[in-house]
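Below is one structure, written out as structure tokens, with a few remarks after it.
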Amino acid sequence: MKHNISFFTVFIIALLGFSSLAEAKGNWKKGRIYYRMVCTECHIEQAGGAISPAEKTKAEWRDYFERNLHGPQDASAKYAASYFVSREYRESIKDTNRAAKKMLKIPEDKLLEDVKAFVDHTAKDSDQPSRCE
Amino acid sequence: MTEKVMIFKRFERFWHWTQATLVIMLLFSGFEIHGSYKVMGFEEAVMLHRTVAWSLVTLWVFAIFWHLTTGEWKQYIPTLKKVDAMIKYYLLGIFIRAPHPFRQTMLKKHNPLQRLAYLFQWVVISPVIWATGWAYLFYDKWEVWGLDKYLVLEDVAFFHVVGAFMMLTFLIAHLYLITTGKTVWAHMKAMITGWEEIDPDAEES
Amino acid sequence: MKKLSKVVFHVGRVFILFTLVTGHASATSTADHTKFKELQVLFESGPEVTSACIKCHTEAAQQIHKTKHWTWEFLNPDNKQRVGKKNIVNNFCITPKSNFEHCTACHIGYGWRDNNFDFTSEENVDCLVCHDTTGAYLKSGDNAGHPKESVDLSYVAQNVGKTSRDTCGVCHFFGGGGNGVKHGDMDDSLAVPDRELDVHMDAVGADFTCSTCHMSIDHDVAGSRYAPEAKHTDDYHVHRRASDEENNAHCRACHGNKPHKKEDKSRLNHHALKIACQTCHISRMARGGVATRMTWDWSTAGKLDESGKPEQIMIDGNLVYDGRRGNITYGEDIEPEYIWFNGTVRYQLLNEKVVLNEDGYVHVNDFEGSPDDGKSRIWPVKVFRGVQPYDPEMNRLVVPHTTGSDEASYWKHFDWVKAVQAGMDSAGLPFSGTVDFIKTQMSWPINHMVAPAKDAVACDECHSKNGRLKDIDGIYIPGRDASEKLNFYGWLIALLTLVGVVLHGFGRIFSHFWRRRT
């Protein structure tokens, strides 16, 4: 009986650890809102087309966020990728972008994690739902 | 040789010109609703047509009151007397500068042909336009008022447009006949200032 | 201790059921499924998870058993046709019959491989596909609705919650086999729509989920297209209360009978007697950046490349030719077609002879309606046209066995006769042995992607010649309809008058100068 309880305790702690790990990974659904309604929106309007998280593999995305370079490549000052989730950036577009306005108060680090979680969830090599195609 | 007579009183002139403006606006927006051309857009045309129609209704309330209280309604009593002379004048006399067979006065400001035209206006055109116009305006109440058993939108629209074409024809003729006064601008001037120059020697009709 | 946990379970169950029914509870639940011992195990399969779920949610599986989501079957009360996904034919992938192992990747159950599936099994109900909140639950494409082996079922089970646009969308956004293929008003852009795309589901606004409108009673979801209501006469009501039997995921439940409040727009309320809300408020289909399929010609399928693989041609990310499927065309941000619809949909079923309509198409489904039956309104539809296999001797539509890797599978061996023989055998239907192709069309109601009021269809898009409603008969539309005769004689008289006065005027000018000269 005692053995049984300690087994469960370990199990629960393990599970809690797992779930908190999942939490730390960021909320991909929130990240998706930001990615689609801020990142994609701007790319369509100013960079000539939509961007899909499935264009890159998980490793490529990780690499992208590690290098933290967003571009444009020929601009004199290359912006950091993280700049585009910063409060400063959201503040600058809040009048024209409702998602940026709505998500204005989310801390920069958290939002970045959310976006990372989304691209990880939807990357080229992520586990996708089955389609008939 | 001529004397000046006040033919059109201030209210009458106000009524005439306001009505003229409103009727032209109604024709313009109405034919757009009808689908004859596209200028301001259907929605705007409908809004304008409705607003102007209600304005005209308001104007008419005052005009009818004015006609009744001043007795001016008698101006529209039709007469066949001298109609033949009038027709002859427009077909022939006007070209050879024959004297106008009708003498305008305060009491009789419309010539016999005019009277017939206006009678047609009052008895045929206006009732058709107004009856169908009201029905059109309250289309959404037909069911509530039990009218849907008797009225068909297509027919209502048809006769409304018939009225509109008659009104348009009337307007064209009316605009031309303005120029047939003593001088080309005489009638126009009278309708603006109220004063018409009248030849006192002309025969009283 | 046991007693306490029982109480917690009970409270949790009641609350979950409450939130599922009302859909209006706050985002956080009072029950944390990670703390439930029943879920703190390593699940090996979907049915194992369901067994754990129904220990507390004792009625859930039986409720599901009664729904179309489970039976894929529906008896139309109006025309007594036995329809539902299991019975009807469409002109996309045609029918799940003989292809269940693959098609049931979108069934809310486990193990429907063939005609022997046990519809009374409770543990074969798939709770997770609707109640997953993690996005990590994925069904396998060829294993009769079972989850992919890579899925961490314990993690998913511990994080169940209310349904979402994602859970409904995992099947309904991908109907017909791919993103936006089938419906025209549903694709994965609705997972995170902005206000312009869908004013209600706006992810940073009202953020409706599907169930905000499609509320369920006892897991039975309102708003089936098999027997929709085309004309609602009732005013506001809070829909889907226990006593409410109606199929009423409709606009009026919230917006009432007179939704246009502004004085200058009040005339539009009267339009609603003849026009569905959707007709004006969903101005275009497939507006979210995802193309929807418009035509599909199965008769051109079968082309293989040198290596023997089906040829594929992609244009702008859309599959326009596939050796397995034939030619396909797409439409994006396009106007729907409009029809009179009274709520009755008649299907061309497999055991009926095909009826070729005047338009040259077999109507796989027919939206019935007319201007004078008192029950119809004008509705927007996506009309999907195709060419699909049929049996010219029996004069019936057929079931092709397309999926799988067996001898008869069309997508493997590209032999129509073999594929149809296998399909018809599986369906228990006669087949003459001859396959030909026939033009078919199918209509889909347009209900989603409701635009903000400012983007509604403008008056003159219908009140004009060659407007959106140019083919709608039985009503007089000002601006569209006018008596040609009336117009001819009207303008003629006005013109003659004008000519007359102009000539008269010239006569006067001429006589004026004539007199002067003499």
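Observations
- At most 11 other Cβ within 10 Å, DSSP loop - trypsin sites (Lys or Arg not before Pro), segment C:319-356: C:LYS353
- Longest DSSP-loop-exposure-free segment, GluC sites (Glu not before Pro), chain C, at most 13 other Cβ within 10 Å: C:408-518
- Sorting C:VAL204, C:VAL364 by the number of Cβ atoms found within 10 Å of their own Cβ, with the fewest placed first, yields C:VAL204, C:VAL364.
- The C-alpha atoms of segment A:27-122 occupy a region whose extents along the principal axes are 33, 33, 23 Å, arranged from largest to smallest.
- Loop exposure criterion: chymotrypsin sites (Phe, Trp or Tyr not before Pro), DSSP state outside H, G, I, E and B, at most 14 other Cβ atoms within 10 Å. Applied to chain C, the longest stretch between such sites is C:237-475.
- The convex hull built on the alpha-carbon positions of chain B has an orientation-averaged projected area of 13.5 nm².
- Along chain B, longest interval not containing exposed GluC sites (Glu not before Pro), exposed being DSSP loop plus at most 10 other Cβ atoms within 10 Å: B:1-202
- Residue by residue along C:159-170, Cβ atoms of other protein chains within 10 Å of the local Cβ number 1 on average.
- Principal axis analysis of the Cα atoms in chain C yields extents of 126, 60, 43 Å, listed in decreasing size.
- C-alpha center-to-center spacing [segment B:1-80, segment B:129-147] in angstrom: 22 Å
- Segment C:53-125 versus segment C:151-170: alpha-carbon centroid distance in Å: 20 Å
- A dipole drawn for segment B:3-197 from +1 and -1 charges on Cβ atoms has a positive end, and of B:LEU171, B:PRO112, B:PRO127 the residue lying farthest that way is B:PRO112.
- When you filter the trypsin sites (Lys or Arg not before Pro) in segment C:80-161 for DSSP loop state and at most 11 other Cβ atoms inside 10 Å of their Cβ, you are left with C:LYS80.
- Candidate lysines for bridging to B:LYS4, where Cα separation is under 20 Å - those fewer than 8 sequence places away on the same chain excluded: B:LYS108, B:LYS109, B:LYS182, B:LYS189
- 10 Å Cβ neighbours from other chains, averaged over peptide A:98-108: 2
- Expressed per residue, the C-alpha convex hull volume of the protein assembly as shown stands at 274 Å³.
- The order of C:THR95, A:THR122, B:THR21, going from fewest to most other C-beta atoms within 10 Å of their C-beta, is B:THR21, A:THR122, C:THR95.
- Listed pairs C:LYS182/C:LYS418; C:LYS182/C:LYS231; A:LYS30/C:LYS454; A:LYS58/A:LYS124; C:LYS85/C:LYS148 exceeding 18 Å between Cα atoms: C:LYS182/C:LYS418; C:LYS182/C:LYS231; A:LYS30/C:LYS454; C:LYS85/C:LYS148
- Charge-dipole axis of chain C as Lys and Arg at +1 and Asp and Glu at -1 on Cβ define it, positive-most pick from C:THR292, C:THR329, C:ASN257: C:ASN257
- Measuring r between the beta carbons of B:LEU92 and B:GLU197 and using R0 = 30 Å, the FRET efficiency lands at 0.80.
- Structural descriptor for chain C: relative contact order 13 percent, calculated from alpha carbon pairs under 8 angstrom and at least 6 residues apart.
- Fewest-first sequence of C:HIS69, B:HIS174, C:HIS363 by Cβ atoms within 10 Å of each Cβ: B:HIS174, C:HIS363, C:HIS69
- Sparsely packed chymotrypsin sites (Phe, Trp or Tyr not before Pro) within segment B:65-173, loop by DSSP, other Cβ within 10 Å at most 13: B:PHE138, B:TYR150
- Rg/Rh for segment C:36-85, where both radii come from Cα atoms and Rh is the Kirkwood radius: 1.21
- For segment A:27-122, size of Cβ-based charge dipole, Lys and Arg +1, Asp and Glu -1, in debye: 440 debye
- Of the DSSP H helices in chain C, those whose Cα atoms cover at least 15 Å axially and whose Kyte score averages 0.5 or more: C:2-22
- Selected from C:VAL125, C:LEU138, C:ILE339, residue furthest toward positive end of dipole (chain C; charges at beta carbon): C:ILE339
- Proportion of all alpha-carbon pairs of segment C:352-395 beyond 12 Å (%): 72 percent
- Remark: mean inter-chain Cβ contacts per residue of C:453-463 equal 3, using a 10 Å Cβ-Cβ cutoff to other protein chain atoms.
Here, each number is a calculation from the coordinates, and none is a lab measurement. Given the structure is predicted, the values throughout are model-derived calculations rather than measurements. All Cβ positions, glycine included, derive from the backbone under ideal geometry; neighbour counts span all protein chains shown.
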